[in-house]
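Taken together, the values in this text are just the output of simple stated rules run on the coordinates, not laboratory data. These numbers come from a predicted model, not from an experiment. Glycine also receives a Cβ, built like all others from the backbone with ideal geometry; neighbour counts cover every protein chain displayed.
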Amino acid sequence: MSTSTPPDWHEANRAHWDERVPLHVASDFYDLGGFRAGADALRDFEVAELGDVTGKSLLHLQCHIGLDTMSWARNHGAARVVGLDFSGPAVEKARELAAEIGLGPERAVFVEADVYDAPSAVPEPTYDIVYTGTGALCWLPDIERWARTAASLVAPGGFLYLAEFHPLTDILDDQTGTRVVCDYFTRDAHVSEESGTYAELGAKTVHNRSVEWQHPLGAVVSALAAAGLRLDFLHEHDASLYPRFESFERSGDGYYRFPDTHARIPLMYSLRASKP
């Protein structure tokens, strides 16, 4: 952990996320009405890269309100899914939604716990698939500890799958994405005070202090290898899930990209790492 890490980082981040749960529940971004009606919350490349999950057990770390978690069970046939998140209101909402769509505790379980405490908090010792990503790793100060924790939860013959925003986007200017303005390799904590949320930019919020870290791609891959997992693939994607840069345009497939006049760069990445 960086020496710049403030002592209240965990409490500040949890208060930040707890307050935003009701905003996300009511937002068009999460579209709970569509989800209740059967819409799949997953990205097409995730479904293609994970392959057939029918009959498998799946653990989703840092699951927020659980839409992705439940989609693996309801729409893709996972036998049992477990979602874990440190936000009590998020876990409560995930449990409520699971009951609404008919996923009983034999199919979907949600646990309130810190990700580093997952091995002692989840109901089974290991899972066929450990799944995580899309804005999760930036909230963790110690990527090596995360990798050891996640790897310990993968069953022999199973794998970890991660889909995440590319760390390159963290060092570019917010307007055009053409200038390098931050240090790619810093391990210092980034403390910010910003109201609203990516799902409701103009929302009035009180708990605006948040603490984040950026993790270079090499650090993530190396941490997983050191934890005993074998990298199956690493893919980089030229699309994002939200308008990260002011110059982004929304494509016909629903993703956000730079205009055609901008050179393409990786905006997200995905990887799978197996346990022999």
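Does a label point 7 Å from the Cα of D183, set along Cα-to-beta-carbon, have any residues of region 147-175 with amide nitrogen under 16 Å, and which are they? Residues passing the 16 Å test: 170-172.
Separation of region 32-79 and region 82-122, taken as the distance between their Cα centroids, equals 14 angstrom. Exposed loop sites are taken as GluC sites (Glu not before Pro) in a DSSP loop (any state but H, G, I, E or B) with at most 14 other beta carbon atoms within 10 Å; the longest stretch of the chain without one runs 1-105. For region 102-177, the relative contact order comes to 34 percent (Cα pairs under 8 Å, sequence separation of at least 6).
Peptides 221-229, 255-263 ordered by packing proxy, namely the average of other Cβ atoms within 10 Å per residue, highest first: 221-229, 255-263.
Using alpha carbons only, the radius of gyration of the chain set against its Kirkwood radius gives Rg/Rh = 0.93. As a proxy for reagent exposure, ranking W213, W72 by other Cβ atoms within 10 Å from fewest up yields W213, W72.
In order along region 228-235, the phi-based Karplus estimate (6.51 cos²θ - 1.76 cosθ + 1.60, θ = phi - 60°) of 3J(HN,Hα) comes to x, 8, 10, 6, 8, 7, 9, 10 Hz; Gly and Pro are listed as x.
Taking 0.36 nm per residue of separation and subtracting the current Cα-Cα distance, fully stretching the chain between H262 and D114 would add 49.3 nm. About its Cα centre, how strong a charge dipole does the chain have in debye, to the nearest 20, once Lys and Arg get +1 and Asp and Glu get -1 at the Cβ? Around 580 debye, computed over the chain. Partners of K56 within straight-line reach, counting lysines whose Cα lies under 21 Å from its Cα and excluding those fewer than 8 residues away in the same chain: K275.
By the rule of a C-alpha distance below 30 Å, with chain neighbours fewer than 8 residues away ignored, the lysines paired with K204 are K93.
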